Amino acid sequence: MENRELYTHVFEYDGQACVAISPPIHHNDDKVAIYDLDAGEIFSLEIQEILNAHKLRESEPEDFEFSVILDSPYADEAWEIKCKLFD
């Protein structure tokens with residue numbers, strides 16, 4: 001898994017707990033989709049911002065299974081990340 005360190009921790013961004021749920025959004029892009037666990041929203045961040053962010057805890061399978069994620073265009077990517085991390 002490329003950039004595994006992006007997905008192994010829930011991190012803090014702007015005071016919120018977040019988890020990365022996609023590989024780079026576009027080919028050769030430096031942004032990934034993020035799920036805000038506190039606000040229940042999806043947005044994107046640059047890879048370096050995630051790597052530099054304060055790590056709150058290790059990610060868990062449930063972090064990738066929220067209905068907002070499963071109903072989003074990133075559902076397949078989030079499921080694949082979850083499987084690679086925990087199966």
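Computed quantities for the displayed model
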{"item": "Tabulated pairs, segment 13-40, first under 13 Å from GLU65 (Cα atoms), second of a type in the set (Val, Ile, Thr) and open to solvent by 40 Å² or more (accessible area, probe 1.4 Å), C-beta under 6 angstrom, 6+ apart or interchain", "result": "TYR35/ILE42; GLY40/VAL68"}
{"item": "Filter result for ILE69 (of a type in the set (Val, Ile, Thr) and either in a strand (DSSP E or B) or exposed (fewer than 13 other Cβ atoms within 10 Å of the Cβ) (or both))", "result": "no"}
{"item": "Within segment 61-74, tally of residues that are out of contact with any Leu (no Cβ under 9 Å at 6 or more places or on another chain) and farther than 14 Å from PRO24 by Cα", "result": "8"}
{"item": "Matching residues, segment 67-87, being under 12 Å from ILE42 (Cβ atoms) and either charged (D, E, K, R) or in contact (Cβ under 8 Å) with a residue 60 or more places away in the chain (or both)", "result": "ASP71, GLU77"}
{"item": "Flag for ASP87 being open to solvent by 40 Å² or more (accessible area, probe 1.4 Å), charged (D, E, K, R) and modelled with pLDDT under 95", "result": "yes"}
{"item": "Condition check for ASP38: open to solvent by 50 Å² or more (accessible area, probe 1.4 Å), charged (D, E, K, R), in a loop (DSSP other than H, G, I, E, B) and more than 22 Å from ASP87 (Cα to Cα)", "result": "yes"}
{"item": "Pairs with Cβ under 6 Å, 6+ apart, first in segment 47-66 and closer than 11 Å to CYS18 by Cβ, second open to solvent by 80 Å² or more (accessible area, probe 1.4 Å) and assigned to a loop (DSSP other than H, G, I, E, B)", "result": "none"}
{"item": "Any hit, segment 51-59, residues being part of a helix (DSSP H, G or I) and open to solvent by less than 80 Å² (accessible area, probe 1.4 Å)", "result": "yes"}
{"item": "Test result for ILE47, crowded, with 18+ Cβ neighbours inside 10 Å and either in contact with a Leu (Cβ under 9 Å, 6 or more places away or on another chain) or of a type in the set (Lys, Arg) (or both)", "result": "no"}
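The values are calculated or read from the model by the stated rules, or taken from the named source; none is laboratory data. Because the structure is predicted, anything quoted here is derived from the model rather than measured. Here Cβ is always computed from backbone atoms with ideal geometry, including for glycine, and neighbour counts include all displayed protein chains. When the accessible area is computed, the model is the full protein with side chains, heavy atoms only, and any ligands, DNA or RNA have been set aside. Shrake-Rupley method; radii C 1.70, N 1.55, O 1.52, S 1.80 Å.
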